[in-house]
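Asks: My questions all concern the structure below.
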Amino acid sequence: VVVCVTGSRNRIDSVEHGERKLHIHWGDGHRSVFHYVWLRDNCSCAACGESSTLQRRIDGLLRIPSDVTPSKVEVDDARRLKIHWSPDQHQTLFEPTWLREHCYSKAERERRRHKPILWGKELGSRIPTADFDAVVRDDARRLEAMLLLRDYGFVRFQGVPVTPDGLEGVASMIGYAVRDTYYGRVFDIRVEEGSSLMSSTNATILPHNDEGWRAVPLGIVMFHCIDASADGGGQNNLIDGFRVCEALRAQDERAFDLLSRVTWTFFRSIPGEVESRSEGRIISTDQDGNVVGLRYPFRFRAPLDMAEDVIEPVYDAIRKLMRLIYGGDFDVTFGLRPGEVLAFDNHRLLHGRTAFMGRRHIRFGYVDRDDFHLQMRLLCRRLDRHGDAEIAIGKGALA
Ligand SMILES: [Fe+2]
Ligand SMILES: [Zn+2]
């Protein structure tokens, strides 16, 4: 018996009519269900407007009856699915590969979703790392670095020039350019006597997200080490926010649900410089309940403003999350040496730093998360990694 595995995934073995949907049995044993209205909507013939008749595509859905039903379904000699529609005498042809790629069964949707690699303190010193020279020279190495950032939520670049434009070089590899902000494109983090900013002191900073008071928080944050403090302090303290959210879900699902549902107000006010304010949820989930973003309030949250019956449960829930964050079970801590850049997804990771004495100079900037994903997809296409180009990446802490 010869079993052909290659191609069986995209081979239609049989079809079965349901009342409002079509069941397809595939060569690999998988079964798909496609609703007739979905199939009719996705007809890509010239009349339905995939190409030149965009106008028809725009309102075409309104002309499809919601109870549209095939009069006949057949699998042709090339094993394509051919549907004759009633009552509009229309015909649609589907390539099996396309259908399988768009199958919306739970299993296939789960397969298409990006699965972040969740980590905790067991990651230890195995910091995802990339050699910056190699990244600049070689697209494959550049993609490797971007995939580390996508999957772990952070990557450390080594060998970045210790020059004022070093950060721009990294930005151009993982996005377009360092974003301009109210503090300039690049902010120098070092001790500034008399500054009211916590980052400009030598104190410990507990893990947090950056600028969660924006409607779209900073995307991929970069820290470029120019000078490390000689006492070994000023180390980065990173936490995988998704892992912590999952820990909360395992411990108290109700608390998790509450924090993914109620909306907080975050704000930042520096008279004459910043007046920023936004609503957001602490935990962002996708439509299937997967965690896709964390917006942790830290210091910059307004008084709770939500339905009175959830005030106390929300306080309980956020305290549970805080105990997990500050409990020490999830942290990875490491110092940056001059010439190293830490890039991390600010919609996922929490970052803090340990106290230090003496000189320390970090240059700080960020690139848009969207641009990072766009550049990564372009690179995937160029390197024939179409699966990675197609994968659906979580939208981040936007809810
Ligand atoms: Fe920060
Ligand atoms: Zn059509």
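Asks: Just to verify a result, which residue in the stretch 197-230, among those that are free of Cβ contacts under 8 Å to residues at least 24 places away in the same chain and part of a loop (DSSP other than H, G, I, E, B), is nearest to ligand 1 (Cβ to nearest atom)?
Replies: The extreme case among them is 197.
Asks: Evaluate the stretch 310-324: report whether one residue or more is surrounded by fewer than 16 Cβ atoms within 10 Å (Cβ to Cβ) and under 21 Å from the mean Cα position of the chain (by Cα).
Replies: No, that holds for no residue.
Asks: Go through the residues of the stretch 117-124 one by one and say whether even a single one is of a type in the set (Lys, Arg) and within 25 Å of the chain's Cα centre (by Cα).
Replies: Residues of the stretch 117-124 of a type in the set (Lys, Arg): 121.
Next, from what is left, pick out any that are within 25 Å of the chain's Cα centre (by Cα): 121.
The answer is yes, given that some residue of the stretch 117-124 is of a type in the set (Lys, Arg) and within 25 Å of the chain's Cα centre (by Cα).
Asks: When you look at residue 180, is it modelled with pLDDT under 95 and within 16 Å of ligand 2 (Cβ to nearest atom), yes or no? Walk me through how you get there before you give the answer.
Replies: On the way: modelled with pLDDT under 95: yes; within 16 Å of ligand 2 (Cβ to nearest atom): no.
It is false that residue 180 is modelled with pLDDT under 95 and within 16 Å of ligand 2 (Cβ to nearest atom).
Asks: So, one more: Loosely packed, with under 14 Cβ neighbours inside 10 Å and out of contact with any helix residue (DSSP H, G or I) (no Cβ under 8 Å at 6 or more places or on another chain), is that true of residue 47? Quick ask: steps written out before the conclusion?
Replies: Details: loosely packed, with under 14 Cβ neighbours inside 10 Å: yes; out of contact with any helix residue (DSSP H, G or I) (no Cβ under 8 Å at 6 or more places or on another chain): no.
When the stated conditions are applied, residue 47 does not pass them.
Asks: Restricting attention to the stretch 352-382, which residues are touching a helix residue (DSSP H, G or I) at 6+ places or on another chain (Cβ under 6 Å) and either open to solvent by 50 Å² or more (accessible area, probe 1.4 Å) or at pLDDT below 95 (or both)? Break it down stepwise before answering.
Replies: The first filter runs over the stretch 352-382 and keeps only residues touching a helix residue (DSSP H, G or I) at 6+ places or on another chain (Cβ under 6 Å), leaving 363, 365, 367, 372, 376-377, 379-381.
Those that are touching a helix residue (DSSP H, G or I) at 6+ places or on another chain (Cβ under 6 Å) and either open to solvent by 50 Å² or more (accessible area, probe 1.4 Å) or at pLDDT below 95 (or both): 377, 381.
Asks: Does the stretch 119-138 hold any residues that are hydrophobic (A, V, I, L, M, F, W, C) and open to solvent by less than 70 Å² (accessible area, probe 1.4 Å), and which are they?
Replies: Residues of the stretch 119-138 that are hydrophobic (A, V, I, L, M, F, W, C), as a first pass: 119, 123, 127, 130, 132, 134-136.
Correct list: 119, 123, 127, 130, 132, 134, 135.
Asks: Here's a follow-up. Output the residues belonging to the stretch 147-187 that are aliphatic (A, V, I, L, M), in contact with a strand residue (DSSP E or B) (Cβ under 7 Å, 6 or more places away or on another chain) and within 14 Å of residue 131 (Cα to Cα).
Replies: Result: 148, 149, 155, 160, 170, 174.
Asks: So which of 160, 135, 155 is under 17 Å from residue 345 (Cβ atoms) and at pLDDT 95 or above? It would help to see each step written out before you state the result.
Replies: On the way: 160 fails: under 17 Å from residue 345 (Cβ atoms); 135 fails: under 17 Å from residue 345 (Cβ atoms).
Step by step, each of 160, 135, 155 is checked, and only 155 is under 17 Å from residue 345 (Cβ atoms) and at pLDDT 95 or above.
Asks: Please give the strands (runs of 3 or more DSSP E) falling wholly within the stretch 75-172 in which 2 or more residues are touching a helix residue (DSSP H, G or I) at 6+ places or on another chain (Cβ under 7 Å) and within 30 Å of residue 23 (Cβ to Cβ).
Replies: On the way: elements: 81-86, 91-94, 129-131, 154-158.
Counting at least 2 such residues, we get 81-86.
The values are calculated or read from the model by the stated rules, or taken from the named source; none is laboratory data. If you're wondering where the values come from, they're calculated on a predicted model, not measured in any experiment. Glycine also receives a Cβ, built like all others from the backbone with ideal geometry; neighbour counts cover every protein chain displayed. Only protein heavy atoms, including side chains, enter the accessible area calculation; ligands, DNA and RNA are left aside. Shrake-Rupley method; radii C 1.70, N 1.55, O 1.52, S 1.80 Å.
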